[in-house]
């Protein structure tokens with residue numbers, strides 16, 4: 001009798017979960033989501049499995065990936081010393097060559113291979129392809145690091161129309177055709193803004209934006225961000241993530257910073273009432 005009761009309770013829980021998810025599924029079918037992954041997909045648990053589920057539902061994810069850990073590791077192998085300014089990597093000519101090799105030749109192709117192995121038609125590009133991302137030098141202190149000022153969506157649109165999940169390496173075309181290293185969060189934010197995506201989702205290795213007490217801040221409005229930065233709550237590597245979210249809000253409904261270490265974090269964020277991580281929204285919008 002106890003086993004039968006457990007079965008009924010389990011079925012009821014499953015039905016409740018499905019009922020909770022259905023309105024969100026209906027909202028996102030056919031929508032574009034821009035998702036930024038870290039470069040180390042082996043540490044991202046079920047993220048790629050969640051992406052397969054999204055694609056099967058008719059949701060159209062665009063993936064932008066980082067690769068900072070791999071770049072730093074390869075710099076160590078060849079005797080280059082990583083250096084960061086305001087959370088962004090200093091990039092000289094030698095570093096840029098290595099960045100291109102790691103991002104395009106290693107990280108991008110690995111994510112594409114893993115998605116293809118899961119039955120998703122994935123294809124890898126960089127911001128250099130089709131002059132997708134045009135960039136200008138950000139700051140002389142950073143070297144060959146760019147800020148995106150124009151996004152050409154033609155290539156992405158054509159690939160999505162052909163049924164591909166597109167995986168984007170964060171490089172841009174600078175003055176005179178010079179390749180520039182661009183922060184992956186920045187790239188994701190610019191693509192999301194230009195595509196007017198339904199959501200921008202940035203994965204990280206912390207729970208989200210943490211308060212002074214170390215607890216998660218579940219929701220932030222755009223007008224709260226300057227004070228959080230001035231107080232040091234938002235600092236270091238979180239700064240480019242928040243900047244990307246604020247920029248994306250010019251075209252995106254909501255942006256999210258979530259923990260890639262949490263099992264099925266993407267599904268939880270998209271298809272449950274509570275979500276996970278920190279949501280950033282326009283000040284004038286109603287809460288989720």
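Coordinate-derived values only; no laboratory data. Computed from a predicted model, the values in this text were never measured in an experiment.
Structure data summary
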{"item": "Antiparallel content of DSSP bridges confined to the chain, in %, to 5", "result": "35"}
{"item": "Region 30-281, relative contact order [Cα under 8 Å, separation at least 6], %", "result": "23"}
{"item": "Linear extension gain, residue 250 paired with residue 72, 0.36 nm per residue minus alpha-carbon span", "result": "60.8 nm"}
{"item": "Length gained when the stretch residue 229-residue 153 is fully extended (0.36 nm per residue, less Cα-Cα span)", "result": "24.2 nm"}
{"item": "Separation of alpha-carbon centers, region 147-184 and region 217-288, rounded to whole Å", "result": "23"}
{"item": "Length released on extending from residue 109 to residue 137, taking residue separation times 0.36 nm less the Cα-Cα span", "result": "7.4 nm"}
{"item": "Calculated diffusion of the chain, Stokes-Einstein form, Kirkwood radius summed over Cα pairs, 25 °C and 0.890 mPa s, µm²/s", "result": "125"}
{"item": "CD proxy at 222 nm, helix term only [per DSSP H run n ≥ 4: -39500 (n - 2.57); per residue of the chain; nearest 500]", "result": "-11500 deg cm²/dmol"}
{"item": "Top of 247, 196, 27 by mean-square fluctuation, Gaussian network on the chain, Cα under 10 Å", "result": "27"}
